Amino acid sequence: MVTVKTDRGNITASAAVVATNSPIVDMVALHTKMAPYRTYALAFRTRRGILPDALYWDTLDPYHYVRLQPGDRRIDYVIVGGADHKSGGADDAAVRFDALEAWARNLIPKLGDITHRWSGQVLDTIDYAAFIGRNPGSERVFVHTGDSGQGITHAVAGSLLNSALILGKAARWAEVYDPARKTPSGIGNFVRENMTIVENFVEYLAPGELSSLNELKPGKGAVVRQGLAKIAAYRDDRGELYARSAACTHLGCHLHWNSFERCWDCPCHGSHFAVDGTPLNAPAISSLTEPK
C-alpha cells in the first residue's frame, strides 16, 4: 500500500501516480535527467477557417508550435508558442513575445489581434521522451513528467501506460518511456544540462545585482548580497519589501528573478517561488527561508 500525506489528512491506496510538472517523490533520480525551459505563448483572434485544425511545429532552435482553439460566432483562436530558453537564463519576455508575433504574422498574415499572452515551463528529458511508468526504486509509485513540450500527446500515452502498469497488464511502449531507462544517445545532453548546476553555484561568489535593498525600486526584484548570504528581494508597487533567501529549497541553487511572472525561478531543476517565498512549482515543496 501507498500512503499520501496531504494537508487534509492521509490517503491510502494500492498505488499512487505523481503526475506533476516536476516530481516531488525523490531528490535527484529524475531531476538530473531533465532540464527546465521557460516557454512563451500568444493567442490571436482570427476568422474561422483560415487555418486547418492540426498540430504544427517547426525544426528551428528554439522551435515554434501552433495550435487552434475553436471559439464561437465564427471566431477561432490561434495559439503560437515557443521562443524557449533555459529557466532563469533570460529575463526578456517582451522581446520573446515580439519575436513570436513577427514569426506568426509572417506565416499567417490573416491573424487578428492578440487576446492573451503567457509563459510556462516545460521539462526536457535528455532524450526528449517523457518519463512515464514506475518511479525508480519504487514498487507502487508511478510518475509522469518530462513532457518536453508534447504534453497533449504524452497525456494520452501516460494515462494508458500507467493505468496498464498499475493493473499488471502488458503496456506497449513501457520500455521507451521507462523512467529508469539508460539512454547512451543522451549522455551529451546530460553533461551539458547539468553544467548549469555547476555554473549556478559559482554565482554565490559573485556580487549582488544591487549594492543594497534601498536601491530596489517598486515592482522590481533583485538578488542582493548581505554578508555571506544572497537575498532574493522584491518591492511591490506600494513599496512593501519582501526579502527571502536566494537559495532554492530543493538543492540550494541560486535563484533568478522573473519580471514577467513576478516570481523567482530556479535554473537547476525548475522550482518557482512567489515573492513571499511560497513554492509555486516542484521539485521544491518548502518555502524560501527568511534572512537571518
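The values are calculated or read from the model by the stated rules, or taken from the named source; none is laboratory data. Remember, predicted model here, so these are calculated numbers, not experimental data. Every residue, glycine among them, receives a Cβ derived from its backbone with ideal geometry; neighbour counts consider all protein chains shown. Ligands, DNA and RNA are stripped out before the accessible areas are found, and what is left, the full protein with its side chains, is counted by its heavy atoms. Shrake-Rupley method; radii C 1.70, N 1.55, O 1.52, S 1.80 Å.
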Return the total of residues in the stretch 59-70 being surrounded by 13 or more Cβ atoms within 10 Å (Cβ to Cβ), not in a strand (DSSP E or B) and not hydroxyl-bearing (Ser, Thr, Tyr).
1
Members of the stretch 129-147 that are under 26 Å from residue 260 (Cβ atoms) and either among the aliphatic types (A, V, I, L, M) or open to solvent by 10 Å² or more (accessible area, probe 1.4 Å) (or both)
147
For the stretch 28-46, indicate whether the set of residues that are open to solvent by 30 Å² or more (accessible area, probe 1.4 Å), of a type in the set (A, V, I, L, M) and assigned to a loop (DSSP other than H, G, I, E, B) is non-empty.
yes
Quick one: count up the residues across the stretch 205-225 that are outside any loop (DSSP other than H, G, I, E, B) and out of contact with any Gly (no Cβ under 8 Å at 6 or more places or on another chain).
7
Select from the stretch 71-88 the residues that are part of a loop (DSSP other than H, G, I, E, B) and touching a Lys or Arg at 6+ places or on another chain (Cβ under 7 Å) and list them in ascending order.
74, 87
With respect to residue 238, determine if the residue is open to solvent by 20 Å² or more (accessible area, probe 1.4 Å) and either in contact with a strand residue (DSSP E or B) (Cβ under 6 Å, 6 or more places away or on another chain) or among the aromatic types (Phe, Trp, Tyr) (or both).
no
Taking residue 230 as the residue in question, decide whether it is farther than 23 Å from residue 33 by Cβ, crowded, with 19+ Cβ neighbours inside 10 Å, out of contact with any Ser or Thr (no Cβ under 7 Å at 6 or more places or on another chain) and in contact (Cβ under 8 Å) with a residue 12 or more places away in the chain.
yes
Residue 100: buried (at least 17 other Cβ atoms within 10 Å of the Cβ), in contact with a His (Cβ under 8 Å, 6 or more places away or on another chain) and not in a strand (DSSP E or B), yes or no?
yes
What are the residues in the stretch 1-27 that are crowded, with 18+ Cβ neighbours inside 10 Å and within 30 Å of residue 94 (Cβ to Cβ), if any?
21, 22
Of the residues 81, 49, 71, which single one is touching a strand residue (DSSP E or B) at 6+ places or on another chain (Cβ under 6 Å), without any contact (Cβ under 8 Å) to a residue 40 or more places away in the chain and not hydrophobic (A, V, I, L, M, F, W, C)?
71
Which numbered condition residue 12 misses (of (1) within 17 Å of the chain's Cα centre (by Cα); (2) outside any loop (DSSP other than H, G, I, E, B)):
(1)
Test result for residue 32, under 17 Å from the mean Cα position of the chain (by Cα) and within 17 Å of residue 149 (Cβ to Cβ)
no
Yes/no for residue 156 being open to solvent by 50 Å² or more (accessible area, probe 1.4 Å) and under 23 Å from residue 35 (Cβ atoms):
no
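Residues checked against (1) modelled with pLDDT under 90; (2) not β-branched (Val, Ile, Thr):
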residue	(1), (2)
127	no, yes
143	no, no
149	yes, yes
157	no, yes
Going by what's in this entry, would residue 203 be described as farther than 30 Å from residue 15 by Cα, open to solvent by less than 70 Å² (accessible area, probe 1.4 Å), among the acidic types (Asp, Glu) and at pLDDT below 90?
no
Find the strands (runs of 3 or more DSSP E) located wholly in the stretch 105-156 whose residues include 1 or more that are closer than 16 Å to residue 79 by Cα, and list them.
114-125
